[in-house]
Amino acid sequence: MTGTLGRPAPLPDTMAPCQNAVGLGAVIMTTDGALPVEYLMPGDRIITHDQGAQTLARIEMRLAAPSAALVFRPSALGAGSLPPVVIAARQQLVLRGWRARAMFSKPAALIEARRLRDGEVFAPHDPRRPARLFQLHFEHGQRIVPLAGGLLLAASAPRR
């Protein structure tokens, strides 16, 4: 999308909000091994944190406005040289340990990623392009899916 004089035109921020979704290349553990989210298909068995292997009922690809996405940098948390991963700003994350105790005085808490935006570990997405995000849906309720880099993501049950 280009504007006058060949400069990129600003993208409209009117795309539907996207919750609980991850971007291209996000590595998800399946019973067949680690796979990028874009290779998953309904019927794949996903390893979840809370319920073991669960069948993926549906996967949806959505475009989200740049402001509706964040870039998670696992290397900033000491996770080696893992590449950055785009996640929905409204992605629910499970915080555990000292972070949850410091923020909520609890051993664990569910929080939207946008509340953790700090410019380093959770940084803004490129404002010139929409984010391509994938939502995972499980048949029997919300599941907690581990993501490479140590994040625990909430994924939802399909809408009926």
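The values are calculated or read from the model by the stated rules, or taken from the named source; none is laboratory data. Nothing here was measured: the structure is a model prediction, and the numbers come from that model. Note that each Cβ is placed from the backbone with ideal geometry, even for glycine, and that neighbours are counted across all protein chains shown. Ligands, DNA and RNA are excluded from the accessible area calculation, which covers all protein heavy atoms including side chains. Shrake-Rupley method; radii C 1.70, N 1.55, O 1.52, S 1.80 Å.
Scanning region 91-140 for residues that are within 24 Å of M41 (Cβ to Cβ) and either surrounded by 18 or more Cβ atoms within 10 Å (Cβ to Cβ) or among the acidic types (D, E) (or both) gives Q91, Q92, P130, A131, L133, F134, Q135, L136, H137, F138, E139. For the criterion of being touching a residue at least 24 places away in the same chain (Cβ under 8 Å), of a type in the set (G, A, S) and farther than 19 Å from G33 by Cβ, A154 passes.
Of all the numbered requirements in (1) open to solvent by 90 Å² or more (accessible area, probe 1.4 Å); (2) of a type in the set (A, V, I, L, M, F, W, C); (3) modelled with pLDDT of 90 or more, I47 misses one, and that requirement is (1).
Condition check for A88 on (1) among the aliphatic types (A, V, I, L, M); (2) crowded, with 18+ Cβ neighbours inside 10 Å; (3) farther than 19 Å from L147 by Cα: one failure, at (3).
Counting just the residues of region 34-44 that are open to solvent by less than 70 Å² (accessible area, probe 1.4 Å) and in a loop (DSSP other than H, G, I, E, B), which one comes out farthest from V86 (Cα to Cα)?
Here is the first cut: in region 34-44, the residues open to solvent by less than 70 Å² (accessible area, probe 1.4 Å) are 34-37, 40, 43-44.
Next, only the ones that are in a loop (DSSP other than H, G, I, E, B) stay: 40, 43-44.
Numbers: L40: 17, G43: 24, D44: 22 Å.
Result: G43.
Within region 5-33, the residues that satisfy the criterion of being among the aliphatic types (A, V, I, L, M), modelled with pLDDT of 75 or more and either touching a Gly at 6+ places or on another chain (Cβ under 8 Å) or in a loop (DSSP other than H, G, I, E, B) (or both) are A21, L24, A26. Looking at R132, R101, just one residue is closer than 19 Å to V71 by Cβ and of a type in the set (K, R), and that residue is R132.
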